Amino acid sequence: MKKTIQTLMLFTSLFCFFACSKNKEAKTSDGDITLTFFTSDATEDMPFTDPVAQEIQKITGVTLSVEHPVAGDAQAIPLMMASGEYPDLIFAKGELTKLIDAGAVIPLDDYIEKYGSNMKKLYGDQLGKLRNSLDDPHIYSAGTYGVKEQQLETTGNMQLQHAVLKELGYPKITTLDEYADAIRQYIKKYPEINGQKTIGFSLLIDTWQWMIDLSNPGNYTIGYPDDGQWIVDQTTLKAQYKFLHPEIYKYYKWLCDMNKEGLLDPESFVQKEDIWRAKIASGRVLGISYPLWGYSEARSSLIQSGMEDRTYAYLPVTAGKEYKDPSLKNYGYSGGWGIAISSTCKDPVRAFKFLDWMCSEEAQILCNWGIKDVNYYIDENGKRARSAEEIKEANTNPDYAKKTGVGRWTYPFPQAGSAALDSNGDFITRVSRQNVISNYLDVEKETLAAYGAEMWIDLFPTPEELGPSKHGQVWQYALPTEVNEKVTAADEYVKTALAQIVLGEPANFDASWNAMQEKLRKMGLEQAGDELSALIQNKIKLWKE
C-alpha cells in the first residue's frame with residue numbers, strides 16, 4: 001500500500017508539472033520562448049543560467065526549463081505516458097520506443113526537409129541512421145553522440161593510482177590478477193592513507209550506475225566492447241544477453257576472490273554516489289573501474305588538495321592475456337538515442353529550429369569551447385586554444401562546467417564528434433591530439449613516460465587491431481517494447497544476484513552462477529537475444545537503404 005501511495009504521489013507531481021507547463025501561454029515562433037526539456041540522464045537541477053546558456057538564449061531566444069526523473073529511470077517515462085502530458089523536448093534514452101508506440105513524439109522528417117539545413121550538414125550521409133526501423137522508417141529524434149569520432153582518449157576499463165604504479169616501479173599490468181597483485185602489495189606496505197584505512201578496489205552500483213561499474217567490466221575483460229547489456233558476435237552478428245555468455249563469469253569470480261581477501265571495498269554494494277566520490281577524493285581508494293566522467297569532480301578535488309599522485313592511470317586490463325581490451329573500438333555512428341519533440345509541444349516548429357541550430361557550427365563551437373576571449377582565444381595559427389589558467393581551472397574546479405557552461409550543453413544534444421572540423425579546418429571539439437596532451441597532469445606524463453608512451457591510447461590495442469563494429473552499439477538502439485521488458489526484469493534480478501554471488505563464498509561461486517543463468521533462461525532471455533539478432537540484421541539493412 002505504501003508503494004502504491006508513493007507511486008500515486010509521484011504520478012500526481014509529474015502530472016501537475018507537465019500540465020502546468022502545458023497550460024502556460026504558448027509563445028509564437030518569434031521572440032523569446034521557454035521550452036520544457038526532460039532528460040532521463042540528469043540527476044540534479046540544471047538551471048539554464050550559465051554564460052553559455054545565456055549566449056544560447058541570446059542567439060536563439062530559447063530558454064530551456066530542464067527537468068529530470070523524479071521517480072527514477074524506470075518510472076519517469078511510464079508516469080509521463082500515463083498523464084498524457086509531455087514536456088516539449090524529451091531525451092528518453094532507450095525508452096524512446098515506448099513514446100513512439102504511444103504516439104507521444106512526432107516524426108521529424110518533414111521538419112528536417114523544410115528547416116533542417118544544419119542537421120543535414122552535421123549528419124551528412126549518417127542522417128539515415130536516425131531512422132527508426134524498416135517497418136517505421138521515420139526519424140523521431142535528433143541523435144546524441146558524436147557523428148565523426150576519432151580515438152584519442154580513453155580512461156580504459158580499470159584504473160589504478162599513479163602512486164601505486166610508481167611505488168612498485170611501474171610494473172606491466174594487463175590482467176586482473178596482475179592488477180589485484182599491485183593492490184595487494186601496496187596495501188601491505190601502506191595499510192593507511194592520510195590516517196584512514198586504505199581501500200583496494202571500490203564499486204559504485206547504487207542505481208543505474210551498476211550497469212557501468214558492475215555490468216560493463218564483465219564484457220570488457222573478456223574482450224567485448226560496450227553493447228549495453230548484450231554481447232554481439234562480430235562474425236555471426238548474433239546477440240546474447242551478456243550474463244548468458246560462457247566466459248563472462250571470470251570477472252565476477254575475480255571480484256568474489258577480491259572480496260574474500262579483503263581487497264574489495266565492503267561497502268561497494270550499499271554505498272551512495274556521494275559516499276563513493278568522497279572516498280575517491282580522500283585519496284585512499286587505490287583502484288576503480290569507472291569512466292572519468294563519473295568521478296571527475298572527485299578527481300578535481302584530489303588535484304586541488306595536492307594529491308595528483310592519487311589520481312588514476314588508465315590501464316588495458318583483461319581477464320587473461322588471450323583477450324584484447326576493447327576500449328578503442330571504432331563503433332561508427334549508431335543513431336538511436338536522441339532528443340524528440342513531443343506531440344503536445346507548444347511550438348514544434350520553434351522546437352525543431354532550436355534543435356537544428358544546436359547542430360550548427362556556431363552552436364557546436366559555443367557548447368564545446370565556451371565564449372571567445374573568455375574561455376578560449378584564437379592563436380597565431382588561427383586555431384582555438386585555451387590558456388594555461390583556463391585548463392587548470394577546468395581540471396581543478398569540480399563546478400567548472402556549471403560555472404562556465406563549457407561542455408554542459410553538448411550532451412544529450414546533437415554532437416559533431418571529435419574528428420569533425422569546422423569551416424576553417426579547426427577541430428570543433430576540444431579533443432585533438434595537441435589538446436589532449438596539453439590537458440595531462442604532470443603525474444600522467446611521468447607515468448606515461450615510464451611506460452614509453454605519449455598518450456594513454458598508446459597503451460591499448462588500436463582501432464585497426466580491434467576492427468570496426470558492423471552494427472554500431474546496441475545500447476543506442478530503440479529496442480522493441482517486449483525485449484525491453486524482458487531485459488528490465490532480467491537486470492533487476494541480475495543486479496541482486498551478482499551482489500549475492502560476489503559477496504558469497506568462492507567455494508559456492510559455480511553453483512550460484514549456474515543457478516543465475518538457469519533463471520535467466522526461464523525468464524526468456526535466450527528468446528530476447530534471438531529477437532535482438534533479427535533487429536540487428538534489420539538495422540544493418542535499413543542503414544544500407
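How would you rank 232-238, 325-331, highest first, on the average number of other Cβ atoms within 10 Å across their residues? Mind dumping the intermediate values first?
On the way: 232-238: 13.6, 325-331: 21.0.
Output ranking for 232-238, 325-331: 325-331, 232-238.
Report the percentage of all Cα-Cα pairs in segment 87-153 whose separation exceeds 20 Å, rounded to a whole percent. If you can, show how the numbers build up before the last one.
Numbers: 742 of 2211 pairs.
The proportion of pairs with Cα distances above 20 Å equals 34 percent.
Given contacts defined as C-alpha pairs under 8 Å and at least six residues apart, what's the relative contact order of the chain, whole-number percent?
On the way: 909 pairs, mean separation 127.0, N = 545.
Over the chain, the number comes to 23 percent.
For the pair Glu389 and Glu247, how long in nm is the line joining their label points, each one 7 Å along Cα→Cβ?
Distance between the two pseudo-spin positions: 5.3 nm.
For segment 255-366, what does the relative contact order come out to in percent, with C-alpha contacts under 8 Å and a separation of six or more? Please list the in-between numbers first.
Working: 40 pairs, mean separation 13.9, N = 112.
Contact order relative to length: 12 percent.
Given 10 °C and 1.306 mPa s, compute D for segment 251-300 with the Stokes-Einstein relation, Rh being the Kirkwood radius over Cα pairs; round to the nearest whole µm²/s. Could the numbers behind the result be given before it?
Values: Rh = 11.8 Å.
My calculation gives 134 µm²/s for D.
By the scheme Lys and Arg +1, Asp and Glu -1, what is the net charge of all other residues having a beta-carbon under 10 Å from that of Pro461? All intermediate terms of the calculation are to be shown ahead of the outcome.
Values: positive: Lys324, Lys329; negative: Asp325, Glu464, Glu465.
My count for the surroundings of Pro461 gives -1.
Once each part is reduced to its C-alpha centroid, what is the distance from segment 185-222 to segment 299-344 in angstrom?
16
Considering only lysines 8 or more places apart in sequence, or on different chains, count the pairs in segment 320-412 whose C-alpha atoms sit under 22 Å apart. Don't jump to the answer; show the numbers that get you there.
On the way: Lys321/Lys329; Lys372/Lys383; Lys372/Lys392; Lys372/Lys402; Lys372/Lys403; Lys383/Lys392; Lys392/Lys402; Lys392/Lys403.
Value for segment 320-412: 8.
Multiply the residue separation of Gln500 and Glu267 by 0.36 nm, subtract the distance between their alpha-carbon atoms, and state the gained length in nm to one decimal.
This chain segment gains 82.5 nm when fully extended.
Output the antiparallel fraction of DSSP beta bridges having both residues in the chain, as a percent to the nearest 5. Walk me through the numbers before you get to the answer.
On the way: 22 of 38 bridges.
If I count the DSSP bridges inside the chain, around 60 percent turn out antiparallel.
Quickly work out the Tyr451-to-Glu464 label distance, labels modelled 7 Å from Cα along the C-beta direction, and quote it in nm with one decimal.
2.1
Divide the volume of the convex hull of the Cα atoms of segment 199-294 by its number of residues and quote the answer in cubic angstrom per residue.
Values: hull volume 9.6 nm³, N = 96.
Considering the Cα atoms of segment 199-294, their hull volume per residue is 100 Å³.
Please list Asp422, Asp257 in order of solvent-accessible area, largest first, computed with a 1.4 Å probe with all protein chains present.
Sorted descending by solvent-accessible area, the residues read Asp257, Asp422.
Can you bin segment 174-213 into rounded, prolate or oblate? Criterion: square roots of the alpha carbon gyration tensor eigenvalues sorted a ≥ b ≥ c, rounded for a/c under 1.5, prolate for a/b above b/c, oblate for the rest.
Numbers: a/c = 5.20, a/b = 1.41, b/c = 3.68.
It is oblate, given that a/c is not under 1.5 and a/b is not larger than b/c.
Can you order the peptides 131-143, 440-452, 77-89 by their average number of other Cβ atoms within 10 Å per residue, highest first?
Working: 131-143: 18.6, 440-452: 15.5, 77-89: 20.7.
Order by mean packing, descending: 77-89, 131-143, 440-452.
If I model a spin label at Ala489 and Asp110 as a point 7 Å from the Cα along the Cα→Cβ vector, what separation in nanometres do I get?
According to this spin-label approximation, the distance is 3.9 nm.
All other residues with a Cβ under 9 Å from the Cβ of Ile205 taken together, and with Lys, Arg as +1 and Asp, Glu as -1, what is their net charge?
Values: positive: Lys495; negative: Asp206, Asp213.
With Lys, Arg at +1 and Asp, Glu at -1, the net is -1.
Could you order the peptides 506-518, 98-110 from most to least packed, using the average number of other C-beta atoms within 10 Å per residue? Spell out each step's value before the answer.
Values: 506-518: 14.3, 98-110: 18.0.
Final packing ranking: 98-110, 506-518.
Mind scanning Lys120/Lys148; Lys188/Lys260; Lys189/Lys279; Lys486/Lys519 and naming the pairs with a C-alpha gap bigger than 18 Å?
Lys189/Lys279
Which whole DSSP H helices in the chain pass both tests: a Cα extent of 27 Å or more along the axis and a mean Kyte-Doolittle value no lower than -0.5? Walk me through the intermediate numbers first.
Values: long enough: 2-23 (31 Å, 0.61); 481-503 (33 Å, 0.17); 525-544 (28 Å, -0.35).
Helices passing the filter in the chain: 2-23, 481-503, 525-544.
Show that you can apply the helix-only estimate: for the chain, add -39,500 (n - 2.57) for every DSSP H stretch of four or more residues, divide by all residues, and state [θ] at 222 nm to the nearest 500.
Taking each H run of at least 4 residues, the total per residue is -12500 deg cm²/dmol.
Carbon and sulfur together cover what percent of the accessible area of the chain at a 1.4 Å probe radius? Numbers along the way, then the final one.
Working: 11790 of 23350 Å².
Carbon-and-sulfur percentage of accessible area, whole number: 51.
Heavy atoms of the protein only, probe of 1.4 Å, neighbouring chains included. What is the accessible area of Ile59 in Å², nearest 10?
Accessible surface of Ile59 is approximately 70 Å².
Please give the per residue accessible area of segment 315-399, computed with a probe of 1.4 Å over protein heavy atoms only, in Å². Mind dumping the intermediate values first?
Working: 3240 Å² over 85 residues.
Result: 38 Å² of accessible area for each residue.
Any chance you could run the full-extension gain for Ser117 through Ala42? It's 0.36 nm times the residue separation minus the Cα-Cα distance, nm to one decimal. Before the final figure, lay out each step's value.
Numbers: separation 75, 0.36 × 75 = 27.00 nm, distance 2.90 nm.
That works out to 24.1 nm of additional length.
Between segment 346-381 and segment 100-165, what is the C-alpha centre distance in whole Å?
Distance between centres, Cα-based: 17 Å.
Counting pairs of alpha carbon atoms under 8 Å apart in space and at least six apart in sequence, what relative contact order in percent does segment 161-235 give? It would help to have the intermediate numbers written out before the result.
Values: 40 pairs, mean separation 11.4, N = 75.
Result for segment 161-235 is 15 percent.
Can you work out ³J(HN,Hα) from phi for every residue in segment 211-218, in order, using Karplus 6.51 cos²θ - 1.76 cosθ + 1.60 and θ = phi - 60°, giving whole Hz and x for Gly and Pro?
In residue order, the calculated couplings are 5, 7, 9, 10, 7, 4, x, x Hz.
If you place +1 on the Cβ of every Lys and Arg, -1 on the Cβ of every Asp and Glu, and leave all else neutral, what size is the dipole of the chain about its Cα centre, to the nearest 20 Debye?
Working: 57 positive and 75 negative charges, 80 e Å.
With Lys and Arg at +1 and Asp and Glu at -1, about 380 debye.
Cα-Cα pairs above 32 Å in the chain: how many percent?
Numbers: 69590 of 148240 pairs.
Of all Cα-Cα distances in the chain, 47 percent exceed 32 Å.
The values are calculated or read from the model by the stated rules, or taken from the named source; none is laboratory data. Being a predicted model, the structure only gives us computed values, none of them experimental. When we count neighbours, we look across all protein chains shown, and the Cβ atoms used for this are built from the backbone with ideal geometry, even at glycine. What goes into the accessible areas is simple: the full protein's heavy atoms, side chains included, and nothing from ligands, DNA or RNA. Shrake-Rupley method; radii C 1.70, N 1.55, O 1.52, S 1.80 Å.
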